[in-house]
Amino acid sequence: MKKSWKIAFVSTFITGLLVHIYKFTNTLPNHDSVMNYYADQNILGSGRWFLSIACGISSYFDLPWITGLFSIVFIALTAVVIVDLFNIDNPITITLTGAVLSVSPGITETLFFGFTADGYMVSMFLAALAVRLSAFEKKGIGWILVSSGLLCLSCGIYQSYISFAFLLMAFYFAFEMLENRHATKEAFRFIGKQIIIYIIGLVSYYIIWQMCMLIQGVSATDYQGIQELASVSTMSFDFGAWVQGIVRAVTSVVFYFIEWNIISNGITLYAVLNIVFILMLIIGIVIALIKSGILKRKSQFVLFLLSLAFCLPTSILWSFVSSDISYRPMMMVSLSLIFVFAIVLFERYTNNILQTTMISLLVIIIMNSALVANISYYYMNKAYEQTYAIGIDIISEVRDIDKEIDFESIAFVGERSDLVSDLTTKYPESNKIHRLAQVLRSDLFLNRPHAESILNELYAFEYSFTPEEKCIELEQSDEVIAMQSWPSREAFKVIDNVLVIKLGEIPPQ
């Protein structure tokens, strides 16, 4: 085993553990976690036909410490693959490579969904391994089939990691062009090999998905435009949609680095650091172009530029498939590879002063990202405490009513999703972590399914719940519509032998 592999694994594991240990050693559920205390993740409708197997490694229980450790292990293994791909030997560079990956906003948000995070990290590892096994020196149909198979499995866990493979391959190819290690013919053969690998991998993914849905009698969900991906026969080229996809791609990538419109909303430290980083990266690329002599090698120079241009659309690949897709940090982990590319570039082509400057900047970025992660976990803890308090309040009121009036079951009606969806409304200071605050909640009593799951799992609730059909029927009654919403005591009312608890406004049918 290479020394660089050991350094990459150990340093990434330690960094990831130190940054995220608060999440792993506490109960910090989010709005999805409370619905997945135990779940086999067999969500074929979302196209993730291999997710159940990947998550099964750590059992189907939501065990923060276990899933957290497995997640960090696969992040560390991914760092090993990346270090080997770029042939990085410097311990400092190796450590930075693993650190920028393990503390990226995308990884942090993925860990919000701890019950499935380890499976997603397996997907990232498989994507990276697919690229490593399709490198220039890997020749022959065998390597093509292995890489295609790994991409197929990665996509079968979480489709967004195809972008991770795309960007890693693009940055690797760009660096190889700078290094002038391959003739132009060989470069084009590599491109052809990659096209074959991705066609085989993605077609295989799609065929297996369709077969699994057919066998289990499942249809594609409309979540994030998945149904459009499932219906290839109905897909057609729409120039307007492609233009919109490009606009969304550019906007999403820009906001990944600066969080929001800094002109109207102000600028955060996260944005400042990333802007400085981008400027430094541009300087590094210019220096690399000059020192490598690639400007004199026109064909390789063009290929270098095309490989970098290739990164933008492929980082948000699925925007070009569906207009319904909205990208979040956990879907954009691939963008953390830009930092890895900068690390490799500066070590190879810049002087000691610029190298030290970039290292210092990355250390600050890593520290800030670690703080952002833990601030996020702080708000998750507040949400859990608030949720627990609401649960106790509801149970107390239910028991008081039970002493006076008999009822057969409890029906939660109404929605609170809009009331708790924007964390910044209740905690304005959470705008300091705007990118991640968007997926956090002030509490988790969003609606009937969430309320039922929370009460069953956290309190061993002794009352039975009213069937969904009856709840929907009650929601349409004038008597329920006229009721006040929680936390008013008028939100509790016995109707037709059912204790109705109105959480919020009744959504339109």
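The values are calculated or read from the model by the stated rules, or taken from the named source; none is laboratory data. Fair warning: this is a prediction, and the values are worked out from it, not measured in the lab. All Cβ positions, glycine included, derive from the backbone under ideal geometry; neighbour counts span all protein chains shown.
Residues in the stretch 245-290 that are surrounded by 13 or more Cβ atoms within 10 Å (Cβ to Cβ) and more than 27 Å from the chain's Cα centre (by Cα): 6 in all.
Looking at the stretch 312-328, which of the residues that are part of a loop (DSSP other than H, G, I, E, B) and crowded, with 17+ Cβ neighbours inside 10 Å is modelled with the lowest pLDDT? Before the answer, list the steps.
Narrowing the stretch 312-328 to residues part of a loop (DSSP other than H, G, I, E, B): 316, 321-328.
Now drop any that are not crowded, with 17+ Cβ neighbours inside 10 Å, which leaves 316, 321-322, 325, 327-328.
On the way: ILE316: 84, VAL321: 72, SER322: 69, ILE325: 77, TYR327: 83, ARG328: 86.
Once the filter is applied, the top-ranked residue is SER322.
Before we move on, is GLU429 modelled with pLDDT of 95 or more, within 22 Å of THR108 (Cβ to Cβ) and not assigned by TED's automatic domain parsing to the domain that holds TRP260? First the steps, then the outcome.
On the way: modelled with pLDDT of 95 or more: no; within 22 Å of THR108 (Cβ to Cβ): yes; not assigned by TED's automatic domain parsing to the domain that holds TRP260: yes.
No, not satisfied.
Let's see how each residue does on (1) modelled with pLDDT under 95; (2) not assigned by TED's automatic domain parsing to the domain that holds PHE175:
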site	(1), (2)
TRP260	yes, no
ILE263	yes, no
GLY284	no, no
ILE290	no, no
GLN300	no, no
PHE310	yes, no
MET358	no, yes
VAL363	no, yes
MET367	no, yes
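On inspection, ALA174 qualifies as part of a helix (DSSP H, G or I), within 27 Å of the chain's Cα centre (by Cα) and touching a residue at least 60 places away in the same chain (Cβ under 8 Å).
Quick check on the stretch 349-358. Is at least one of its residues without any contact (Cβ under 8 Å) to a residue 60 or more places away in the chain, out of contact with any Pro (no Cβ under 6 Å at 6 or more places or on another chain) and under 25 Å from GLU457 (Cβ atoms)? No - not one qualifying residue is present in the stretch 349-358.
With respect to the conditions (1) aliphatic (A, V, I, L, M); (2) in a helix (DSSP H, G or I); (3) touching a residue at least 24 places away in the same chain (Cβ under 8 Å), VAL146 lacks only one, and its number is (3).
Taking the criterion of being touching a residue at least 40 places away in the same chain (Cβ under 8 Å), in contact with a strand residue (DSSP E or B) (Cβ under 7 Å, 6 or more places away or on another chain) and either of a type outside the set (A, V, I, L, M) or closer than 16 Å to PHE277 by Cβ (or both), would at least one residue in the stretch 321-334 satisfy it?
Applying the first criterion (touching a residue at least 40 places away in the same chain (Cβ under 8 Å)) to the stretch 321-334 yields 321-334.
From what's left, in contact with a strand residue (DSSP E or B) (Cβ under 7 Å, 6 or more places away or on another chain): none.
Among the residues of the stretch 321-334, not one is touching a residue at least 40 places away in the same chain (Cβ under 8 Å), in contact with a strand residue (DSSP E or B) (Cβ under 7 Å, 6 or more places away or on another chain) and either of a type outside the set (A, V, I, L, M) or closer than 16 Å to PHE277 by Cβ (or both), which makes the answer no.
Is it true that LYS23 is modelled with pLDDT of 95 or more and closer than 13 Å to PHE113 by Cα? The answer is yes for LYS23. Residues in the stretch 292-307 that are surrounded by fewer than 16 Cβ atoms within 10 Å (Cβ to Cβ) and either touching a helix residue (DSSP H, G or I) at 6+ places or on another chain (Cβ under 7 Å) or without any contact (Cβ under 8 Å) to a residue 40 or more places away in the chain (or both): 7 in all.
Quick one: which helices (runs of 4 or more DSSP H) lie wholly within the stretch 440-509 and hold at least 2 residues that are among the polar types (S, T, N, Q)?
Working: elements: 448-459, 468-475, 478-481.
Fully inside the stretch 440-509 and qualifying: 448-459.
Taking the residues in the stretch 434-479 that are of a type in the set (A, V, I, L, M) and in contact with a Gly (Cβ under 7 Å, 6 or more places away or on another chain) as candidates, determine which candidate is surrounded by the fewest Cβ atoms within 10 Å (Cβ to Cβ). Steps first, please.
So the first thing to find is which residues in the stretch 434-479 are of a type in the set (A, V, I, L, M), and the list is 436-437, 439-440, 444, 446, 451, 454-455, 458, 460, 472, 474.
Still in the list and also in contact with a Gly (Cβ under 7 Å, 6 or more places away or on another chain): 454-455, 458.
Details: ILE454: 24, LEU455: 21, LEU458: 18.
Applying the filter and picking the extreme gives LEU458.
Select from the stretch 408-429 the residues that are farther than 27 Å from ASP496 by Cβ and assigned to a helix (DSSP H, G or I) and list them in ascending order. If the condition is that a residue be farther than 27 Å from ASP496 by Cβ and assigned to a helix (DSSP H, G or I), then ASP418, LEU419, VAL420, LEU423, THR424, THR425, LYS426, PRO428, GLU429 are the ones that fit. Could you check, for the stretch 461-472, whether at least one of its residues is at negative phi and at pLDDT below 90? Looking for residues that are at negative phi and at pLDDT below 90, one finds at least one in the stretch 461-472, hence yes.
Under 9 Å between Cβ atoms, at least 6 apart or on separate chains: pull out the pairs that start in the stretch 245-265 with a residue that is in a loop (DSSP other than H, G, I, E, B) and end on any residue that is among the aromatic types (Phe, Trp, Tyr). Going by the 9 Å Cβ cut-off, the qualifying pairs are GLU259/TYR270; ASN261/PHE255. The residues in the stretch 394-433 that are under 21 Å from ALA460 (Cα atoms) and surrounded by fewer than 16 Cβ atoms within 10 Å (Cβ to Cβ) can be counted, and the count is 8.
Checking each residue in the stretch 329-383 for being more than 24 Å from ILE290 (Cα to Cα) and not in a helix (DSSP H, G or I) picks out only MET332.
Summed over the stretch 177-215, the residues that are surrounded by fewer than 22 Cβ atoms within 10 Å (Cβ to Cβ), touching a residue at least 60 places away in the same chain (Cβ under 8 Å) and over 21 Å from GLY149 (Cα atoms) give a count of 4.
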